[in-house]
């Protein structure tokens, strides 16, 4: 018996119900680790544009050439993320979300610290970018395992009618981590000369990860897995023939996986065009000052952080589909408005359009944890959401800055970049139309339907 998410269900947690005991602590633990990991991930993205293209590659006459090379090393992290999602998802469904989240935060912290210790191209030649790529792979591997565990820890503790709101908070940790990275780089770039920043200043931001990781790890020791997961874990252990993991989720819930990928496609591309490629466009194409660019991005991250929980609340009240569809439609238009405003070099217009871009992104991003958690039963939920979320990053976010930079270099115009974003948003809009509305669904009802389906198949095999 398959889950029909469009069928209304009575929720044990009606609107206005009190917050379950310990939920705020769970949210804090999820956010703490996610802030750490995205601080480090965004630190790399910004450094790839401002630093790595200068110190890890041989000089080039065209500044965009080395930026493309730096973005290729950046893309390695995205390629590693699905592998991390698969491995962490498998063992997270088996052993628990908390244990795997603790491992992820340590791994990403160690790799980021080591990045700050790397020698430059002038010192060791091509060994420098090779070591950078290796560390970037392990950093991406850890981040790939982080997201699914962090959002599920919250989603599985949340009341059914408030899941969109509470599960959006780990999403808000992403701009919080980006904001922290931007502040660190902004302080360093403004207090040091360009020579000092390129020589050693950029390394400080990477070394600071040790302190942040220690805080995040400690907070995560104070929470436990959700009761619904503990029950499902015991059930799987008792019924040894009941499977979990990537193969099982692809076999039983392919629609959920591919719908999640479609939902993620346009959102992921838009995010990296707004927060990563825009830095390239303004620094390399418009020759704007680095500290000015970082300041503008900083203000946009603050608004992004504040708006994500608001959108999560709206997804609980209005439904997942209409909110997500609005984001996809507006995302298709954003590029055609944004780049002409960038070209004005007017700080107020630029920060305004960056904020608008991240608000549009939030319309898609905020409800993703709730939507994806509501697609899969507990016994394979970590694998399902990690697969749907992370695999898309290979063909979406990982290559978005590269494709956009190549389009800009080839055509000398922003128009192909805007068209690229519009097409990506169109893919996501198709996925929104195809998805089921799951607002308010009980996770236990999904487990019940999955359990009945497994029992029915076992009965058929027995009588065959």
Report the normalised scattering of the chain as log10 I(q)/I(0) at q = 0.11, 0.14 Å⁻¹, calculated by the Debye formula with identical scatterers on the alpha carbons. -0.83, -1.31
So what's the gap between the Cα centers of the stretch 178-222 and the stretch 267-302, to the nearest angstrom? 18 Å
Rotationally averaged projected area of the stretch 19-101 (alpha carbon convex hull; nm²): 7.2 nm²
Computed over the stretch 136-185, the ratio Rg/Rh where both radii use C-alpha atoms and Rh is Kirkwood: 1.08
Segments 176-182, 196-202 sorted - mean Cβ within 10 Å per residue, highest first: 176-182, 196-202
With N residues in the stretch 118-251, Rg(alpha-carbon) / (2.2 N^0.38 Å) equals 1.47
Mean Cα-pair separation over length for the chain, i.e. relative contact order, pairs under 8 Å, 6 or more apart, %: 28 percent
Under 12 Å from a point 7 Å along the Cα-to-Cβ line of residue 434: which residues of the stretch 371-389 have their amide N that close? none
Tell me the mean residue ellipticity at 222 nm calculated for the chain from its helices only (DSSP H runs of n ≥ 4, each -39500 (n - 2.57), averaged over every residue, nearest 500). -24500 deg cm²/dmol
With the crude spin-label approximation of a point 7 Å out along Cα→Cβ, what separation in nm comes out for residue 286 versus residue 247? 5.2 nm
Sorted by packing (mean other beta-carbon atoms within 10 Å per residue), highest first, where do 161-172, 343-354 land? 161-172, 343-354
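Roughly speaking, what is the stretch gain from residue 463 to residue 28, that is 0.36 nm per residue apart minus the C-alpha to C-alpha distance, in nm to one decimal? Please report the intermediate quantities before stating the final value.
Numbers: separation 435, 0.36 × 435 = 156.60 nm, distance 5.01 nm.
Result: 151.6 nm gained on full extension.
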So how tilted is helix 381-390 from the main axis of the chain? Cα-based, degrees 0 to 90, rounded to 10. 30 degrees
What ranking, highest mean first, results for peptides 402-411, 115-124, 30-39 when packing means the other Cβ atoms within 10 Å averaged over each residue? 30-39, 402-411, 115-124
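When only C-alpha pairs under 8 Å and at least 6 residues apart count, what is the relative contact order of the stretch 317-464, in percent?
Computed over the stretch 317-464, the figure is 41 percent.
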Contour excess over end-to-end distance, with Cα ends at residue 130 and residue 218 and 0.36 nm allotted per residue: 28.4 nm
Computed label-point distance, nm, for sites residue 117 and residue 210 using a 7 Å Cα→Cβ extension: 0.9 nm
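Using the Kirkwood formula over every pair of different C-alpha atoms, what hydrodynamic radius in Å results for the stretch 236-389?
17.2 Å
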Any chance you could give the angle, 0 to 90 degrees and rounded to 10, that helix 97-115 forms with the longest Cα principal axis of the chain? 10 degrees
On a 0 to 90° scale, report how tilted helix 127-155 is relative to the longest principal axis of the chain, with both axes built from alpha carbons and the result rounded to the nearest 10. 40 degrees
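Read-outs throughout are calculated quantities, based only on the coordinates presented, and are distinct from any laboratory measurement. The structure presented is a predicted model; accordingly, all values stated were derived computationally and were not measured. Cβ: placed from backbone, ideal geometry, glycine included. Neighbour counts: every protein chain shown.
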